[in-house]
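**Q** This is the structure I have questions about; it appears just below.
The values are calculated or read from the model by the stated rules, or taken from the named source; none is laboratory data. Note that the structure is a prediction, hence the values are computed from the model and not measured. Because the Cβ atoms are built from the backbone with ideal geometry, glycine has one as well, and the counts that use them run over all protein chains shown.
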Amino acid sequence: MIKILLLPFILVICTHSLYAQQKNELRIIAYYSAGPEKVQTIKAEKLTHIIFSFCHLKDNRLMVDSKRDSTTIQDLVQLKKRNPNLKVILSLGGWGGCETCSPVFSSANGRNEFSESVLQLNQYFETDGIDLDWEYPSIEGFLKLIVDIGGGITEVVIISLSGVAAFQSLKVAGDSFDEAIRDYFRREHNLLIGIRTAEQVKKTIGGVYHEIDNVPDPI
């Protein structure tokens, strides 16, 4: 049986991710903190992930500190020409680099602004995610932050015979899907539907989870 799942984006890069387990592949992750002049010396073919270190917070938003850092990130992304499977990740924090994280992430408004900025930076640089190098998270809103950041990205996974047959990450989700559905109905059927109806259409068509009427007794 084949299932298609729509999953929220998993932010923290782990060596024991589901995809890695299914393929039994070793994940080789490197942090990069130098400038653009040394990027071409990186043996990208031997890496699965490279993490740019570091971005920082400005007010509630994730920011790249300088034009030099922007150039470094762009050059890291160019390494995908040598290794198309390479994932380039932006990192927030470092030792002493997240002094304002607790007050920012403690509020819903702070988390929302930060999440939007993460998505915007990843779309601008065509990078693949964020590493939260926050030492150390101790607020109640930390897990909410993880969910909020993942709200703008969808992963499509096809599972067949207990294995991952295909996988793709899309940097669009949530409200963007709803607006696309509304636009489709306007364009193709000359119908105007509301956000709640579009949300229901998305869940009905895109979801594979169904409530179980008769839950079996535990073995």
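**Q** What's the total number of residues in segment 39-79 that are in contact with a strand residue (DSSP E or B) (Cβ under 7 Å, 6 or more places away or on another chain), of a type in the set (S, T, N, Q) and modelled with pLDDT under 95?
**A** Final tally of qualifying residues: 2.
Residues checked against (1) under 19 Å from the mean Cα position of the chain (by Cα); (2) free of Cβ contacts under 8 Å to residues at least 24 places away in the same chain:
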{"site": "Leu86", "(1), (2)": "yes, no"}
{"site": "Leu90", "(1), (2)": "yes, no"}
{"site": "Val104", "(1), (2)": "no, no"}
{"site": "Glu113", "(1), (2)": "yes, no"}
{"site": "Glu116", "(1), (2)": "yes, no"}
{"site": "Tyr124", "(1), (2)": "yes, yes"}
{"site": "Thr127", "(1), (2)": "yes, no"}
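**Q** What are the residue pairs meeting all of these: first residue in segment 170-194, first residue closer than 24 Å to Asn122 by Cα, second residue modelled with pLDDT under 90 and acidic (Asp, Glu), Cβ atoms under 8 Å, and 6 or more apart or on different chains?
**A** Listed by first residue and then by second, the contacts come to Leu170/Glu155; Asp178/Glu199.
**Q** If I ask for residues that are over 15 Å from Thr71 (Cβ atoms), in a helix (DSSP H, G or I) and of a type in the set (A, V, I, L, M), which ones from segment 36-50 would you list?
**A** Ala44
**Q** Out of everything in segment 83-106 that is more than 24 Å from Gln40 (Cα to Cα) and exposed (fewer than 13 other Cβ atoms within 10 Å of the Cβ), what residue ends up being modelled with the lowest pLDDT?
**A** So, considering only residues that are more than 24 Å from Gln40 (Cα to Cα) and exposed (fewer than 13 other Cβ atoms within 10 Å of the Cβ), the one modelled with the lowest pLDDT is Trp95.
**Q** Please verify whether segment 83-95 includes one or more residues that are over 18 Å from Leu132 (Cβ atoms) and of a type in the set (Gly, Ala, Ser).
**A** no
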